[in-house]
Amino acid sequence: MESSVQCDFRREFPIFPLRQTVMFPHSVVPLHIFEPRYRQMLDDALDRVGQLVTATTHPDAEEERPGEPSPLLPVGCIGQIVDHERLPDGRYNILLQGLCRVEIEELNEATDERLYRLGRLSPMVDAEASQHDRPEARDLIRIALQGPGVGRMSMADDLQSLLDREEAPLDAIVDLLAHPLLRENHDRSEYLSLSTLPERMAMLLRTMRHINAAARQLMEDQEFDPPEAEN
């Protein structure tokens, strides 16, 4: 699961602001690119290494307009374009795979020639992630994956199998699980900004336990709900 794709942090990266999507490392998201400035961004990215940065606009910001860029949250995710379709009118459908968390250190605003922003980035590296990849940590996720709520996910069995593979890093498994389970943008933004595996795992496990508890309560309510009396 370790990506062999390299990111050159000596250069600037195209910035793709998003209001409704927060991408995590290791996840794959479909995106439809239709604005002229971001169509130009895709043209340029595909002519180079096919990488760009998804950045979340500040929740209090108004909808972005050309010439009026919205403020961004400080943490984003570098994505690799793994598939793309260029439509006859110049729009794009793409699949973007998350590579790594980054802090946006500096923004280079759009110009008359380059219609999108560029950013200088620094990687958020958890140098101690492998030290926290212990059997007991994996067991906590295994138990939560067997719950009545999370266990019904279509990918639950695949993730259980990944947990049995020592070569599959725990931080990648945690990110893959967080992608479908964290639904609200503010939760996703908070998760993306967490710099260590223990912090991310704690937030994920709280979410999994909440989903399982809600599913158990629903099952109990259905079990003890008395049938309506017949007339």
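Tabulated results
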| read-out | value |
| --- | --- |
| Estimated 222 nm signal from helices in the chain, with DSSP H stretches of n ≥ 4 weighted -39500 (n - 2.57), rounded to 500 | -11000 deg cm²/dmol |
| Phi-based couplings in Hz for the stretch 199-207 (Karplus 6.51, -1.76, 1.60; Gly and Pro marked x) | 5, 5, 5, 4, 5, 5, 5, 4, 5 |
| Given [x] 23.6, 83; [y] 20.4, 71; [z] 20.4, 77, the label whose value is Rg and Dmax of the Cα atoms in Å derived from this model | [z] |
| Residues HIS26, HIS132 arranged by fewest to most Cβ contacts within 10 Å | HIS132, HIS26 |
| Cα centroid separation, the stretch 13-73 to the stretch 159-230 (Å) | 27 Å |
| Under Karplus coefficients 6.51, -1.76 and 1.60, residue-wise ³J(HN,Hα) of the stretch 179-184 in Hz, glycine/proline x | 4, x, 8, 8, 9, 7 |
| Efficiency of FRET from Cβ geometry, ALA61 and SER161, R₀ 45 Å, rounded to 0.05 | 0.65 |
| Dipole moment magnitude, nearest 20 debye, the chain about Cα centre, only Lys, Arg, Asp, Glu C-beta charged | 420 debye |
| Where trypsin sites (Lys or Arg not before Pro) fall in DSSP loop in the stretch 181-215, at most 14 other Cβ within 10 Å | ARG183 |
| Cα→Cβ-extended label distance, 7 Å offset, between ASP221 and LEU46, nm | 4.8 nm |
| Net charge contributed by nearby residues that have their C-beta within less than 11 Å of GLU106 (K/R +1, D/E -1) | -2 |
| Long-range amide H partners of ALA55 with built H, under 5 Å | PHE16, LEU18 |
| Farthest positive-ward along the stretch 13-96 dipole, Cα basis, beta-carbon charges - from ILE81, THR57, LEU31 | ILE81 |
| Distant-in-sequence amide H partners of LEU72 (H built 1.01 Å from N, under 5 Å) | HIS58 |
| Using a Förster distance of 41 Å, the FRET efficiency for ARG206-VAL82 (Cβ separation, nearest 0.05) | 0.85 |
| Within the stretch 8-49, trypsin sites (Lys or Arg not before Pro) in DSSP loop having at most 16 other beta-carbon neighbours inside 10 Å | ARG10, ARG11, ARG19, ARG48 |
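The numbers here are math on the coordinates, done by the rules we state, and not lab data. What you are looking at is a predicted structure, and each value in this text was computed from that prediction instead of being measured. For neighbour counting, all protein chains shown are included, and Cβ atoms are generated from backbone atoms with ideal geometry for every residue, glycine included.
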